[in-house]
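The values are calculated or read from the model by the stated rules, or taken from the named source; none is laboratory data. The structure displayed is predicted, hence computed values, not measured ones. Reconstructed Cβ throughout: ideal geometry from the backbone, glycine too, with neighbour counts over all protein chains shown.
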């Protein structure tokens with residue numbers, strides 16, 4: 001079985017702070033990581049490799065520095081890594097990104113494509129389903145478990161707000177995976193050493209099965225018009241008093257606001 | 001076709017098990033504002049099996065027209081079945097704007113449609129408005145959403161393709177007051193299915209929600225975080241919630257710790273709530289949590305750590321031990337009730 005996993009390098013958004021004076025994002029010193037849901041997807045692929053035997057290829061689109069997460073993927077146990085890196089990809093929104101990924105995947109042999117549900121920098125959850133559509137494949141999103149049947153179908157569990165659904169998918173498909181369902185394995189020491197002896201393939205736009213007009217900024221229907229740090233409301237009063245006084249202050253406020 | 005010829009605001013009226021979801025009504029409320037600003041109509045798309053009787057309800061909540069696709073193929077949500085119908089409705093009607101709930105269904109369907117239509121989609125919007133372009137005086141649809149884990153807000157446009165599509169999380173927009181007997185058009189839509197594309201089938205659906213009531217509907221929430229420690233701590237919050245006539249909710253930390261069920265979780269990976277009163281007890285106030293509750297009318301925070309970020313979002317902050325203050329407050333309020 002050939003499995004392709006789409007991953008993304010993202011800033012660790014839990015480490016991002018706002019500069020209180022300039023009111024801008026402080027991005028320096030913020031570590032770049034493999035997006036958590038993607039790492040969950042990679043773990044699912046590696047579990048399938050352990051169980052059924054599979055060739056696992058990871059693919060990412062990004063700047064040359066994204067090489068780092070591909071090395072990490074090698075160290076976790078993948079067989080092949082592809083970096084889509086070209087100025088023509090720059091400025092892509094989710095539609096143009098999914099189009100480029102689909103254009104790369106079309107040139108590969110695969111039985112299953114796995115992606116993370118969403119990336120923590122954009123939180124859109126759009127690239128997986130948009131890519132599935134470009135490839136004309138069925139999709140299951142919010143995946144928490146997947147097995148392969150003898151006949152090549154997949155039995156997939158997905159988590160909704162109020163239910164867990166078990167679905168059967170006929171043949172090739174795209175699954176988008178929740179990090180919470182797959183605790184990613186650690187890199188092995190031998191894997192880390194090995195990771196730097198393996199080749200990361202770097203592909204430009206000319207390697208893909210695409211119309212170049214649909215890539216990057218040109219191929220992106222959405223445009224960011226403005227961005228701004230979130231306006232925090234004026235802070236309220238904070239009291240550091242005895243418990244008895246605290247209770248009275250709360251009761252008084254609740255009455256004032258007609259909440260009791 | 002010129003983009004100026006695309007008209008009307010469409011809403012995907014999500015139903016589950018034949019029940020129209022609250023988010024559909026919230027979207028209709030916002031769609032009404034947008035359509036009025038544009039001088040266009042609000043059209044709801046209702047897909048399902050044996051759902052057509054509910055079309056009138058969508059009209060009473062703001063739709064001018066309801067397109068109903070009612071057939072057995074649409075009983076359960078399945079990506080391809082629903083995509084084919086929504087795609088056909090959109091290509092037949094040429095709306096300028098389409099809105100979806102940012103639910104597991106909406107976030108599965110909307111990108112599929114965006115990719116099929118080759119148009120733009122903006123996820124999890126917190127604000128949708130019609131602005132005026134300064135240079136030309138033209139009306140422009142603007143979608144604002146958080147990015148970078150809620151640290152940054154971005155306003156997104158979709159200038160050159162139609163329709164312009166956005167998703168909105170449940171609890172973010174406000175429903176209109178129901179207008180009983182409101183008049184509108186109900187149009188039955190006959191989809192043409194390409195069944196060769198149906199590759200997914202449902203084997204089993206297990207309902208897993210342990211909560212009968214939805215925290216998103218509660219007027220008062222007493223919410224607990226790491227500082228509550230354990231189930232016993234939550235019992236204290238429950239006692240207070242009972243006196244106040246509210247519900248207990250939770251931060252992500254306590255859900256991850258297995259102490260509270262996911263359906264009680266407030267925040268970016270949980271629910272968005274905007275109750276009249278939100279009492280944050282022992283919640284530090286990570287930006288992902290604030291994203292889910294900061295629109296509450298009145299916020300009280302109780303936390304031992306006076307530097308906890310929750311205090312910046314609170315209208316009233318108490319630096320102190322919730323394990324003492326919450327039971328004392330409960331007793332005090334009980335006395336008030338007895339009086």
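Numbers at a glance
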{"quantity": "Where residue A:158 falls short, out of the listed (1) without any contact (Cβ under 8 Å) to a residue 60 or more places away in the chain; (2) more than 8 Å from chain B (Cβ to nearest Cβ)", "calculated": "(2)"}
{"quantity": "Strands (runs of 3 or more DSSP E) (entirely within the stretch A:175-260) containing at least 1 residues that are touching a helix residue (DSSP H, G or I) at 6+ places or on another chain (Cβ under 8 Å) and more than 8 Å from chain B (Cβ to nearest Cβ)", "calculated": "A:200-203"}
{"quantity": "Tally, over the stretch B:199-220, of residues that are modelled with pLDDT of 95 or more and touching a helix residue (DSSP H, G or I) at 6+ places or on another chain (Cβ under 6 Å)", "calculated": "1"}
{"quantity": "Conditions (1) touching a helix residue (DSSP H, G or I) at 6+ places or on another chain (Cβ under 9 Å); (2) within 14 Å of another protein chain (Cβ to nearest Cβ); (3) surrounded by fewer than 24 Cβ atoms within 10 Å (Cβ to Cβ): number failed by residue B:49", "calculated": "(2)"}
{"quantity": "Unique residue being touching a strand residue (DSSP E or B) at 6+ places or on another chain (Cβ under 6 Å) and under 30 Å from residue B:334 (Cβ atoms) when the list is A:202, A:238, A:164, A:174", "calculated": "A:238"}
{"quantity": "Single unsatisfied condition, residue B:330 versus (1) closer than 14 Å to residue B:278 by Cβ; (2) crowded, with 17+ Cβ neighbours inside 10 Å; (3) more than 7 Å from every other protein chain (Cβ to nearest Cβ)", "calculated": "(1)"}
{"quantity": "Residue count for the stretch B:175-203, restricted to those that are more than 10 Å from chain A (Cβ to nearest Cβ) and either more than 17 Å from the chain's Cα centre (by Cα) or without any contact (Cβ under 8 Å) to a residue 24 or more places away in the chain (or both)", "calculated": "20"}
{"quantity": "Test: residue in the stretch B:235-247 that is at pLDDT 90 or above, surrounded by 14 or more Cβ atoms within 10 Å (Cβ to Cβ), under 22 Å from the mean Cα position of the chain (by Cα) and part of a strand (DSSP E or B)", "calculated": "yes"}
{"quantity": "Residue list for the stretch A:100-124, restricted to those being under 14 Å from the mean Cα position of the chain (by Cα) and either in contact (Cβ under 8 Å) with a residue 12 or more places away in the chain or not in a loop (DSSP other than H, G, I, E, B) (or both)", "calculated": "A:101, A:113, A:114, A:115, A:116, A:117, A:118, A:119, A:120, A:121, A:122, A:124"}
{"quantity": "Flag for residue B:285 being more than 18 Å from residue A:238 (Cα to Cα) and either within 12 Å of another protein chain (Cβ to nearest Cβ) or in contact with a strand residue (DSSP E or B) (Cβ under 9 Å, 6 or more places away or on another chain) (or both)", "calculated": "no"}
{"quantity": "Qualifying residue in the stretch B:8-28 (condition: free of Cβ contacts under 8 Å to residues at least 24 places away in the same chain, part of a strand (DSSP E or B) and under 20 Å from the mean Cα position of the chain (by Cα))", "calculated": "yes"}
{"quantity": "Residues that are within 24 Å of residue B:27 (Cα to Cα) and buried (at least 19 other Cβ atoms within 10 Å of the Cβ), drawn from the stretch B:131-153", "calculated": "B:141, B:142, B:143, B:144, B:145, B:146, B:147, B:149, B:150, B:152"}
{"quantity": "So residue B:87, is it within 22 Å of residue A:163 (Cβ to Cβ) and touching a helix residue (DSSP H, G or I) at 6+ places or on another chain (Cβ under 9 Å)", "calculated": "no"}
{"quantity": "Leading residue by the ranking (modelled with the lowest pLDDT) among those in the stretch B:288-312 that are over 11 Å from residue B:227 (Cβ atoms), more than 7 Å from every other protein chain (Cβ to nearest Cβ) and in contact with a strand residue (DSSP E or B) (Cβ under 8 Å, 6 or more places away or on another chain)", "calculated": "B:291"}
{"quantity": "Conditions (1) under 26 Å from residue A:123 (Cβ atoms); (2) within 9 Å of chain A (Cβ to nearest Cβ); (3) surrounded by fewer than 22 Cβ atoms within 10 Å (Cβ to Cβ): number failed by residue B:320", "calculated": "(1)"}
{"quantity": "Residue match in the stretch B:305-319 (condition: free of Cβ contacts under 8 Å to residues at least 12 places away in the same chain and either within 26 Å of the chain's Cα centre (by Cα) or more than 30 Å from residue A:234 (Cβ to Cβ) (or both))", "calculated": "no"}
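Listed here are the residues, each with its yes/no results for (1) touching a residue at least 24 places away in the same chain (Cβ under 8 Å); (2) within 25 Å of residue A:63 (Cβ to Cβ).
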{"position": "A:176", "(1), (2)": "yes, yes"}
{"position": "A:184", "(1), (2)": "yes, yes"}
{"position": "A:188", "(1), (2)": "yes, no"}
{"position": "A:192", "(1), (2)": "yes, yes"}
{"position": "A:205", "(1), (2)": "yes, yes"}
{"position": "A:212", "(1), (2)": "yes, yes"}
{"position": "A:234", "(1), (2)": "no, no"}
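A quick yes/no check of all residues on (1) closer than 17 Å to residue A:184 by Cα; (2) more than 18 Å from the chain's Cα centre (by Cα); (3) free of Cβ contacts under 8 Å to residues at least 60 places away in the same chain; (4) surrounded by 17 or more Cβ atoms within 10 Å (Cβ to Cβ):
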site	(1), (2), (3), (4)
A:5	yes, no, no, yes
A:33	yes, no, yes, yes
A:52	no, yes, no, no
A:59	no, no, yes, yes
A:98	no, no, yes, yes
